[in-house]
Structure formats: C-alpha cells, structure tokens
C-alpha cells in the first residue's frame, strides 16, 4: 500500500464493518500464533534459565522500560486516530520517533553504570548497553506499524509481530542452550526488535522522505504528549513493585515475581493490544454516530472481557499444576504471586475499554487527569504491601487495579458520554460468572486429585461443565456469550 499525498481514513463508512471484521480475524489469527510462540518461549527458556537470570534482566527492563513510552511519545496512536494524515506529516512523525529512539538509546548506554550502582550489580552494565540499541530499532518501527494499522492492514502487522518474536525466540533458545545464561534474554530482545522493524518496513511499502518544515504538527504532539504522560504513569504503577523488589530483596525474588507478572501480562498484551489495534481506528471513524459507536464499543468490550477473564479464571484455579508442569518445580514459589496477580488482571481488563473511549474521542487531557488519580492510588497500594515482600507487592498491585475499575466507569461516562453502566455490568457479569466456574474447578481438583496432571484432568472438564451450568441458569450471562458468537453480525452491518 503506497503512501498518497493525503491519507485520510481509509475506506468509506459503508465498507468499514467488513474491513474491521476481516481485520479482527487476521489480527486474532496472528495473535494466536504470537501467543503460541511467546508461551513456547516462556516454557523453553524457563527450563533453561534460572530465576536469577530473569531477575537480572528484569532489573534493567523495569528501570529503562519507561524509555519505550518516551520513544513512542504517543505518536503512533496520534497517527492512527487523526482524521487525515498527509505524507509530509507521516514523514515528520517517522523522524521524530526515530530521533527520540536514538537519543534514548544513547542515554541508556551512558547511564548503564548508574543502573548497575543502583542495584549493586556490576553485570547490569553490559546488559543495559546492549539493550540500548532496541530503542533506536523500535523508534524507527513506530510509524511503520502505525501506517499498517491506519490502513487496516492487520495481516501484515501480525506478520511483523510473529516474525520478530519467532526469530527472537529461536536466537534466545540457541543462546541459552549454548550456556549464555541471562544473555539469552538480551539476544532475544535485540533480534526480535530488528526483525520486527525489517518486516514492518517491507510490509508497509513506504519509505519516509526527508523532514518537512511548515507542516502542522502541533495537534499530533499535543495528543501524543498527553497520552505519553498517562502511559508513563501506567508503566510506573505496573513496574515500581519490580524495582523495589530488585532493590530490597534481590534478583532471585524479582525473577519469581517477574515470571508471574509476565504470565499475567502475556494474555493481556496478546489480546488487549490487537483488540485496540482493531477497535481504535474503527471507533475513531464512528465518533459522529453515537448509537453505532456505543454498539461497537460494548460488543468489543464483551468479547475481550469474556476471553481474558475465562483464561485468568482457569489459570488462577489451576495455577499450581500449570506452573509446575510447564515451567518446572523450581518455579513453584511463584504460584501464590501469580494467583493474586490474576485477580488484579481481571479487574484491569474489565476497565480496559475506558482506554478505547479516551483515545477514540481524542480525550487525552481527560485521560491524563484520570491516570494521575488511579496510578497514584495503585502506587500507594504497592508501597503499602512492599513490607511483606513480593507477595505483598502483588496484593497491593491487585488492590489498586480493583479500585481503578469503578473509577474508570464513572470517568468515561462523564468525560466521553460513554455507556458507563452497561460497561460496568458487562464486567460484573463476567467476574461473577467465571468466578463461580473457577471456584468449582479448584474445589474439584483439590478434593479429587493428588498430582499436577490429575489436577488438570479434573479441573479442566469441571470448569467447562460449570460454564455450561452458568449459561443455562443465568440468561444475562448467556446473552453475553451469544453476543460473542454473533459478533461478526455487527461488524458486517452497513450504514
């Protein structure tokens, strides 16, 4: 898809549903492949590496990960959300993101010694210096990905993601088998970032021109600046616990918490991110059609909530056998941490559609104010729990997410005129329904199984049976499930 002089929203409103449906299908297919690769990588590398290896990597990523948000500067979402985007503006956005990535990479390289001194761990100097190259690679990739997303080229976007992760994983596993330890994780990240950029650039069929003067860019920078500030607050609230664990307790405890946290974030990222990739451009184009906007928003939220809450409910109920069988006995201390984090993840996903409302309606200022409130609240909860170690951090983080849910509903209802009560009820039904299923699964495996394999053999059919019973006796929950099964109908509708 070549760039044109003026790139407005692709397609007409009448064809938007079909393109969104096709895009959703391609995105979910790509994310399914990506999840297989990522989950396979977690299993392989967890058995080849130690908790300390993961802890060392997490010490660096928890501190410098905020640079990834600075690198994007909210400009990818600004490009997607804009009603029109000229070739000159796209060129300027590319150079802005690339320049920011270069500056951040040099900053991390120069600051590697400070990171090492903070944790009292000399091995982190070389790790941080090598990781610094990923910021330039990701910066160059930002607008290629935005270009594909804006054009609803979700198949090509998925190809970039899967290709980068797959080759990165292969490189990491080879390094781990060769005995390189934590360097396997570093190599995995660098190779993945390079391949992702290469595939995105080829798939975009677009080469940026030189920077242009006199092109209106203020709206993009304003949108991106507000969004970046909100995302930074979100990142701090998610990762401050890891920084504190690494500083106060050490690499091994951090490795256990980090694996539990990554197991939580894997399904969240693999579903939330592509769901946003599909929902944001579509919702942005429906801004002036309130009824269709609300219908698409609620349908998308229902699908996302049921998929993720179902996964987390089973994972929480069967955390012990899943972690022991897939990661190995040495990761068994991470089980209670993971169970508590999954509860927080459930509250996070039922509140996630508020993010769609803020971005699709351009309410980044309101989102920033909201983020200051809820992220500070979450950080306070984390610090309240840090006295009880990694488990206390998990409790504090999950408590903060639980408090965020009702606040998000109230905020988007007032700021964006969104169907807040319907959004809240969507989440409440899923939490109650799948909560019943999880309790039934845990109880059955706890009472009728005595080995990890048998716990899964008993727990899986039990949660499926409980799901069928809940659908049978609760009409509202059953309607939500039928809504998901019939979701393509909404996407195919014409104006």
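No value in this document is a laboratory result; all are computed from the given coordinates. Worth saying up front: this structure is predicted, and the values here are computed from it rather than measured. Backbone-built Cβ (ideal geometry, glycine too); neighbour counts: all protein chains shown.
What the table shows:
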item	result
Pairwise FRET efficiency - residue 177 versus residue 377, Cβ, R0 = 56 Å, nearest 0.05	0.80
Efficiency of FRET between residue 325 and residue 212 - r from beta-carbon atoms, R0 51 angstrom, step 0.05	0.35
Label-point gap, in nm, between residue 289 and residue 479 - each point 7 angstrom along Cα→Cβ	2.3
Distant alpha-carbon pairs in the stretch 353-463 (separation over 16 angstrom), percent	69
Separation in nanometres of the label points that stand 7 Å from Cα toward Cβ, at residue 460 and residue 109	4.9
Residue 36 paired with residue 102, simple spin-label distance in nm, labels 7 Å along Cα-to-beta-carbon	4.0
Residue order, fewest to most beta carbons within 10 Å, for 417, 87, 285	417, 87, 285
Neighbour-count ranking [beta-carbon atoms within 10 angstrom, fewest first] of 431, 407	407, 431
Whether the stretch 286-337 is rounded, prolate or oblate, judged on the alpha carbon gyration tensor where a/c under 1.5 counts as rounded	prolate
Order of 103, 323 - criterion: other Cβ atoms within 10 Å of each residue's Cβ, fewest first	103, 323
